[in-house]
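Below: the structure, in structure tokens.
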Amino acid sequence: MGSIKSFVDGKCPQCHTGDVFTHKASNLKHFREMHDHCPSCNVKFESEPGFFWGAMYFSYAYSVASFIIIGFFFFTYSDDVNLGYYIGTVIAFTLLTSPISYRMSRLMMMYIAAPYRRFRGK
């Protein structure tokens, strides 16, 4: 249960105490900025160049799932189906949740796909 809480809080996948991101997700100007190394255990977050390109798959899966779920509720509970409202709703939802999607996809990539080892050095 501790690693789930660490994941949601954006903590290091190895020590579960250091912050991965430098700012809160609500800071829209700097929500993408990450530490290169964990401030607590000094593990390097990007294990190889281009490592976070794989996070796009998690983000894509999130976008497709939200597209399907919004479509299900929109077309199930709406008597007057308007495709323009549906597309606008999907676009608005995707834009509003993009900082969270960005962070969660990177954290999933780090927690699931990367074996972390201690980095000895600067």
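The values are calculated or read from the model by the stated rules, or taken from the named source; none is laboratory data. Note that the structure is a prediction, hence the values are computed from the model and not measured. Methodologically, a virtual Cβ is constructed for each residue, glycine included, from the backbone with ideal geometry; neighbour enumeration extends over all protein chains shown.
Among the numbered conditions (1) within 18 Å of the chain's Cα centre (by Cα); (2) part of a loop (DSSP other than H, G, I, E, B); (3) among the hydrophobic types (A, V, I, L, M, F, W, C), tell me where ALA65 comes up short.
Of (1) within 18 Å of the chain's Cα centre (by Cα); (2) part of a loop (DSSP other than H, G, I, E, B); (3) among the hydrophobic types (A, V, I, L, M, F, W, C), only one is false for ALA65: (2).
Answer yes or no: is there a residue in segment 76-92 that is free of Cβ contacts under 8 Å to residues at least 40 places away in the same chain, under 21 Å from ALA25 (Cα atoms) and small (Gly, Ala, Ser).
yes
Given the residues ILE91, ILE100, which is the only one that is closer than 21 Å to PHE7 by Cα, modelled with pLDDT of 85 or more and either among the β-branched types (Val, Ile, Thr) or outside any helix (DSSP H, G or I) (or both)?
ILE100
What number goes with the only condition from (1) surrounded by fewer than 16 Cβ atoms within 10 Å (Cβ to Cβ); (2) among the hydrophobic types (A, V, I, L, M, F, W, C); (3) in contact (Cβ under 8 Å) with a residue 60 or more places away in the chain; (4) within 19 Å of ALA113 (Cβ to Cβ) that LEU28 does not pass?
Against the list (1) surrounded by fewer than 16 Cβ atoms within 10 Å (Cβ to Cβ); (2) among the hydrophobic types (A, V, I, L, M, F, W, C); (3) in contact (Cβ under 8 Å) with a residue 60 or more places away in the chain; (4) within 19 Å of ALA113 (Cβ to Cβ), LEU28 comes up short only on (4).
Looking at this structure, is PHE31 under 14 Å from the mean Cα position of the chain (by Cα) and farther than 20 Å from PHE93 by Cα?
Numbers: under 14 Å from the mean Cα position of the chain (by Cα): yes; farther than 20 Å from PHE93 by Cα: no.
No; evaluated as a whole, the condition is false for this residue.
What is the one condition in (1) hydrophobic (A, V, I, L, M, F, W, C); (2) touching a helix residue (DSSP H, G or I) at 6+ places or on another chain (Cβ under 8 Å); (3) surrounded by 13 or more Cβ atoms within 10 Å (Cβ to Cβ) that VAL81 does not satisfy?
(3) is the only condition that VAL81 fails.
From (1) over 18 Å from the mean Cα position of the chain (by Cα); (2) in a helix (DSSP H, G or I), pick out the condition that doesn't hold for PRO49.
Going through (1) over 18 Å from the mean Cα position of the chain (by Cα); (2) in a helix (DSSP H, G or I) one by one, PRO49 breaks only (2).
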